[in-house]
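Chemist: Supplied in structure tokens, the structure appears directly below.
The values are calculated or read from the model by the stated rules, or taken from the named source; none is laboratory data. What you are looking at is a predicted structure, and each value in this text was computed from that prediction instead of being measured. Ideal geometry is used to build each Cβ from the backbone, glycine not excepted, and the neighbour counts take in all protein chains shown. Heads up: the accessible areas ignore ligands, DNA and RNA and are worked out on the full protein's heavy atoms, side chains in. Shrake-Rupley method; radii C 1.70, N 1.55, O 1.52, S 1.80 Å.
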Amino acid sequence: MSLFKRSVTEGLGTFWLVLGGCGSAVLAAAFPAVGIGLLGVSLAFGLTVLTMAFAIGHISGCHLNPAVSVGLVVGGRFPARELPAYVVAQVIGGTFAAALLYFIASDKPGFELASGLASNGYGLHSPGGYSMAAGFVSELVMTAMFVVIILGATDRRAPPGLAPIAIGLALTLIHLISIPVTNTSVNPARSTGPALIVGGWAIQQLWMFWLAPLLGAVIGGFGYRWLGKEGSS
């Protein structure tokens, strides 16, 4: 399969992740009487990865996330020369999804873009008012563990066919833990799309949702490479 086709597939998958996850937060989380709340939004993010893993995992590997791609490079599972194409495609897919979500959401009377379009933030823009330091640590640790789970679940020694379930549930758990802290990123492409639409504070704080997940991915990639290496003590 050509790199171009696999990159387009990554863009499509990331589009679905942002539309499904952020869409659930913007459109359904607090909908009158039947709002899905934090649990529902967490599950929605997990389901986007689960469904795409089965749909496109055999085509592109279903990274859907620059941090995951970096973690796979560090973990020895993905060639570094293909990383730029995947990252660009993921960011484009996430941005298209955010633009579509804005188009849909803005049709509702009383909608205000200032509400954030599910953007990630810290301080005044953290759902729970958490500081930049707390947000940074949360994003770093959550991403590191996510990469460890992905590398472990897709290891050739792991039970076959169950990786999408483990990875989808892991992302659900990560959101259950960290939505109150940063609105949960662990994915620079997921953060970039809404931030580009919202602008202002979302752009100003975007740096953290690249830096912390990428550092976490490097830690997770190296960590699993050491832990999972056969014949070592």
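Chemist: Assess whether I174 counts as being touching a Phe, Trp or Tyr at 6+ places or on another chain (Cβ under 7 Å), in contact (Cβ under 8 Å) with a residue 24 or more places away in the chain and crowded, with 21+ Cβ neighbours inside 10 Å.
Modeler: yes
Chemist: Could you grab the pairs with beta carbons closer than 7 Å, sequence gap of 6+ or different chains, first residue in region 79-96 and under 11 Å from L3 (Cβ atoms), second one outside any helix (DSSP H, G or I) and open to solvent by 40 Å² or more (accessible area, probe 1.4 Å)?
Modeler: Correct list of pairs: empty, since none qualify.
Chemist: Where residues in region 1-35 are part of a loop (DSSP other than H, G, I, E, B) and out of contact with any Ser or Thr (no Cβ under 9 Å at 6 or more places or on another chain), which of them is modelled with the highest pLDDT?
Modeler: Across region 1-35, the extreme among qualifying residues is S2.
Chemist: Inside region 15-36, can you point out the residues that are closer than 18 Å to A99 by Cα and open to solvent by less than 70 Å² (accessible area, probe 1.4 Å)? Even if it seems obvious, please write down each step before you answer.
Modeler: Quick first cut of region 15-36, residues closer than 18 Å to A99 by Cα only: 15-28.
Within region 15-36, F15, L17, V18, L19, G20, G21, C22, G23, S24, A25, V26, A28 meet the criteria.
Chemist: Restricting the search to region 119-147, which residues are assigned to a helix (DSSP H, G or I) and surrounded by 22 or more Cβ atoms within 10 Å (Cβ to Cβ)? Quick ask: steps written out before the conclusion?
Modeler: Narrowing region 119-147 to residues assigned to a helix (DSSP H, G or I): 123-125, 132-147.
Matches in region 119-147: G135, S138, E139, L140, M142, T143, A144, F146, V147.
Chemist: Considering only residues that are under 24 Å from L227 (Cα atoms) and surrounded by fewer than 24 Cβ atoms within 10 Å (Cβ to Cβ), which ones fall in region 50-64?
Modeler: G61 - this is the single residue of region 50-64 that is under 24 Å from L227 (Cα atoms) and surrounded by fewer than 24 Cβ atoms within 10 Å (Cβ to Cβ).
Chemist: Scanning region 177-208 for residues that are free of Cβ contacts under 8 Å to residues at least 12 places away in the same chain and part of a loop (DSSP other than H, G, I, E, B), which turns out nearest to L50 (Cα to Cα)? Step through it out loud before you land on a result.
Modeler: Step one: of region 177-208, the residues free of Cβ contacts under 8 Å to residues at least 12 places away in the same chain are 199-200, 203-204, 207.
Still in the list and also part of a loop (DSSP other than H, G, I, E, B): 199-200, 207.
Working: G199: 30, G200: 33, W207: 28 Å.
Out of the qualifying residues, it is W207.
Chemist: Go through region 100-113 and count every residue that is in contact (Cβ under 8 Å) with a residue 24 or more places away in the chain and over 17 Å from the mean Cα position of the chain (by Cα).
Modeler: Step one: filter region 100-113 for residues in contact (Cβ under 8 Å) with a residue 24 or more places away in the chain, giving 100-102, 104-105, 113.
From the residues that got through so far, the ones that are over 17 Å from the mean Cα position of the chain (by Cα) too are 100, 102, 104-105, 113.
So the answer is 5.
Chemist: Continuing with the same structure: If the Cβ limit is 8 Å and pairs must be 6+ apart or interchain, which residue in region 141-160 that is touching a residue at least 12 places away in the same chain (Cβ under 8 Å) pairs with which residue that is of a type in the set (F, W, Y) and surrounded by 21 or more Cβ atoms within 10 Å (Cβ to Cβ)?
Modeler: Filtered contacts from region 141-160: V147/Y224; V148/Y224; L151/Y224; G152/Y224.
Chemist: Follow-up. Out of (1) open to solvent by less than 30 Å² (accessible area, probe 1.4 Å); (2) out of contact with any helix residue (DSSP H, G or I) (no Cβ under 9 Å at 6 or more places or on another chain); (3) of a type outside the set (V, I, T), the odd one out for A67 is which?
Modeler: The one condition A67 does not meet is (2).
Chemist: Another question, then. Of everything in region 90-117 that's at pLDDT below 95 and open to solvent by less than 30 Å² (accessible area, probe 1.4 Å), which residue is farthest from W201 (Cα to Cα)?
Modeler: A105
Chemist: Give the residue, chosen from L12, L39, L47, that is surrounded by fewer than 15 Cβ atoms within 10 Å (Cβ to Cβ) and within 21 Å of I165 (Cα to Cα). Don't jump to the end; show me each part of the working.
Modeler: Details: L12 fails: surrounded by fewer than 15 Cβ atoms within 10 Å (Cβ to Cβ); L47 fails: surrounded by fewer than 15 Cβ atoms within 10 Å (Cβ to Cβ).
Testing whether each residue is surrounded by fewer than 15 Cβ atoms within 10 Å (Cβ to Cβ) and within 21 Å of I165 (Cα to Cα) leaves just L39.
Chemist: For the list (1) surrounded by 23 or more Cβ atoms within 10 Å (Cβ to Cβ); (2) under 29 Å from G76 (Cβ atoms); (3) of a type in the set (A, V, I, L, M), I need the number of the one condition that A195 fails.
Modeler: (2)
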